[in-house]
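Read through the structure below, which is laid out as structure tokens, and then see the notes.
The values are calculated or read from the model by the stated rules, or taken from the named source; none is laboratory data. The structure presented is a predicted model; accordingly, all values stated were derived computationally and were not measured. All Cβ positions, glycine included, derive from the backbone under ideal geometry; neighbour counts span all protein chains shown. Note: accessible area is taken over every heavy atom of the protein model, side chains too, but ligands, DNA and RNA are not part of it. Shrake-Rupley method; radii C 1.70, N 1.55, O 1.52, S 1.80 Å.
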Amino acid sequence: MPEANVIDAFRSQITAATAQRRPLRIRGGGTKDWYGQSLTGDVLDTRAYSGIIEYDPAELVITARCGTPLAEIEQVLAGRQQMLAFEPPHFTHLGDGGLATIGGVVAAGLAGPRRPFAGAIRDFVLGASILDGNGQRLNFGGRVMKNVAGYDVARLMAGSLGTLGLILDVSLKVLPVAVAETTLKFECNASDAVRKINEWAGRPLPISATAWRNGVMAIRLSGAEAAIKSARTTLGGEAVDAVEATRFWDGLREQTDPYFTDIPDGCGLWRIAVPPIAEPAPLQGQRLMEWGCAQRWWVTDIDPQQLRVNAYQGGGHATLFRGGDKRLGVFTPLAPPLMAIHRRLKQQFDPASIFNRGRLYPDF
């Protein structure tokens, strides 16, 4: 179907839903249907609007339509030794057979192990086009790195879970693939891992990922051969076989690692965001720390209120990522001033509250 016809079909579905105040569920491959609160409304399938619009390796920018498979984009980038540096997860095994799309990647705002060292997805969004709740096409930002007009508005789409509008296309900054990469491992307890990682983070070391669990800390180094050789001399540790290292980091990115797949009945997978210097909390359950110790996972059946209080006391917040009882709230409630900003944004972009109603917050 021609591009204009697809957009017209989207617009017709949106305007009809707005007129009837009937919710729409924006969906690409469905690989992240489990993420967030509830799924309600008629499905607006984005996969018909697919394809790479423009790719300029010299400018490090790619622009693609919302339904473009993430795998297709990564394959094209790999052909020029480039990548999406925030390492977005595919989560194909958690869906119902669909493929992750770039629109879903941006809307979910999720990133892999490289995120604290390369940046979050919103740091790479240069521009976006959306259809709002009135079916109007809105364009923000641009397709070159130097163009920052409307940049912050385009960034709003990252992590919005589709609640502000239908992302039609997005322009993303890409980065070159590192020339060399190696992984080191160290035996240490959680407190020592926090101390060591924060100490090393203050040095000019080519660290691109960190993780700790079960008394073992892993550090990934990415960059020039000379830089990695120097870092290995500085850090010490034991080198990990390249195949094993790739499997490990991919397991964290895609959550295919046994830590994420072997969740006991009655337990939830919680994501705790805290300052990286925060001491590990003495909570019951299986623990894993990554992102320079700023992202901490717990598999536990602990009372959600207790867990959120603990995260708040540590300077952070907690999200029920998967499993558990969503009726108790997936995301930490926002402070009233922040929630007021969210409500005004929702009213501006989606006045009839049709887009992914109840996905981010239960009441809109």
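Can you tell me which residue among Leu39, Leu94 is open to solvent by 30 Å² or more (accessible area, probe 1.4 Å), at pLDDT below 95, in the same structural domain as Phe124 (by the TED database) and under 16 Å from the mean Cα position of the chain (by Cα)? Working first, answer last.
Numbers: Leu39 fails: under 16 Å from the mean Cα position of the chain (by Cα).
That would be Leu94, the only listed residue that is open to solvent by 30 Å² or more (accessible area, probe 1.4 Å), at pLDDT below 95, in the same structural domain as Phe124 (by the TED database) and under 16 Å from the mean Cα position of the chain (by Cα).
Do we have any residue at all in segment 330-347 that's among the aromatic types (Phe, Trp, Tyr) and under 27 Å from Phe10 (Cβ atoms)? Checking segment 330-347: not a single residue is among the aromatic types (Phe, Trp, Tyr) and under 27 Å from Phe10 (Cβ atoms). Restricting to segment 216-238, name every residue that is open to solvent by less than 50 Å² (accessible area, probe 1.4 Å) and over 30 Å from Gly323 (Cβ atoms). Matches in segment 216-238: Leu221, Ser222, Gly223, Ala227, Ile228, Ala231, Leu235, Gly236. Can you tell me which residue among Arg137, Arg155, Arg115 is open to solvent by 60 Å² or more (accessible area, probe 1.4 Å), modelled with pLDDT of 95 or more and within 30 Å of Ile277 (Cα to Cα)? Just one listed residue meets the conditions, Arg115. Of all residues in segment 64-86, those satisfying the criterion of being out of contact with any Gly (no Cβ under 8 Å at 6 or more places or on another chain), in contact (Cβ under 8 Å) with a residue 40 or more places away in the chain and open to solvent by less than 50 Å² (accessible area, probe 1.4 Å) are Leu77, Gln82, Met83, Leu84. Going by what's in this entry, would Asp265 be described as loosely packed, with under 15 Cβ neighbours inside 10 Å and either in contact with a Pro (Cβ under 6 Å, 6 or more places away or on another chain) or not basic (Lys, Arg) (or both)? Yes: the conditions hold for Asp265. Figure legend. Inter-residue proximity from segment 229-257: first residues farther than 23 Å from Ala201 by Cα, second residues open to solvent by less than 50 Å² (accessible area, probe 1.4 Å) and assigned to a helix (DSSP H, G or I), beta-carbon distance below 6 Å, spacing 6+ or different chains. Indicated pairs: Asp257/Gly251.
Scanning segment 333-364 for residues that are open to solvent by 40 Å² or more (accessible area, probe 1.4 Å) and either β-branched (Val, Ile, Thr) or under 30 Å from Glu254 (Cα atoms) (or both) turns up Pro333, Leu334, Ile341, His342, Arg357, Pro362. In this entry, Gln295 is excluded by the filter for residues that are at negative phi, open to solvent by 40 Å² or more (accessible area, probe 1.4 Å) and not assigned by the TED database to the domain that holds Trp212. Taking the criterion of being out of contact with any Ser or Thr (no Cβ under 9 Å at 6 or more places or on another chain) and within 18 Å of Trp34 (Cα to Cα), would at least one residue in segment 305-320 satisfy it? For segment 305-320, residues out of contact with any Ser or Thr (no Cβ under 9 Å at 6 or more places or on another chain) and within 18 Å of Trp34 (Cα to Cα): present. Scanning segment 263-280 for residues that are without any contact (Cβ under 8 Å) to a residue 60 or more places away in the chain and either touching a strand residue (DSSP E or B) at 6+ places or on another chain (Cβ under 8 Å) or assigned by the TED database to the domain that holds Ala190 (or both) yields a count of 9. Being assigned to a helix (DSSP H, G or I) and more than 15 Å from Ile207 (Cα to Cα), is that true of even one residue in segment 269-288? Scanning segment 269-288 turns up no residue that is assigned to a helix (DSSP H, G or I) and more than 15 Å from Ile207 (Cα to Cα). Tallying residues that are under 18 Å from Met289 (Cβ atoms), charged (D, E, K, R) and either at pLDDT below 95 or assigned to a strand (DSSP E or B) (or both) within segment 208-260 yields 2. Of the residues making up segment 192-200, not a single one is open to solvent by less than 20 Å² (accessible area, probe 1.4 Å), within 28 Å of Leu328 (Cβ to Cβ) and touching a residue at least 24 places away in the same chain (Cβ under 8 Å). Taking the criterion of being over 23 Å from the mean Cα position of the chain (by Cα) and hydroxyl-bearing (Ser, Thr, Tyr), would at least one residue in segment 349-357 satisfy it? Yes, segment 349-357 contains at least one residue that is over 23 Å from the mean Cα position of the chain (by Cα) and hydroxyl-bearing (Ser, Thr, Tyr).
Just name the residue that is farthest from Thr92 (Cα to Cα) out of those in segment 239-253 that are surrounded by 14 or more Cβ atoms within 10 Å (Cβ to Cβ) and touching a Ser or Thr at 6+ places or on another chain (Cβ under 8 Å). The qualifying residue farthest from Thr92 (Cα to Cα) is Val240.
Can you name every residue in segment 292-326 that is part of a loop (DSSP other than H, G, I, E, B), within 20 Å of Pro258 (Cβ to Cβ) and not small (Gly, Ala, Ser)? Before you say what the answer is, go through the steps one by one.
Going through segment 292-326, the residues part of a loop (DSSP other than H, G, I, E, B) turn out to be 292-294, 301-303, 314-316, 324-325.
Narrowing further to those that are within 20 Å of Pro258 (Cβ to Cβ): 301, 324.
If the condition is that a residue be part of a loop (DSSP other than H, G, I, E, B), within 20 Å of Pro258 (Cβ to Cβ) and not small (Gly, Ala, Ser), then Asp301 is the only one that fits.
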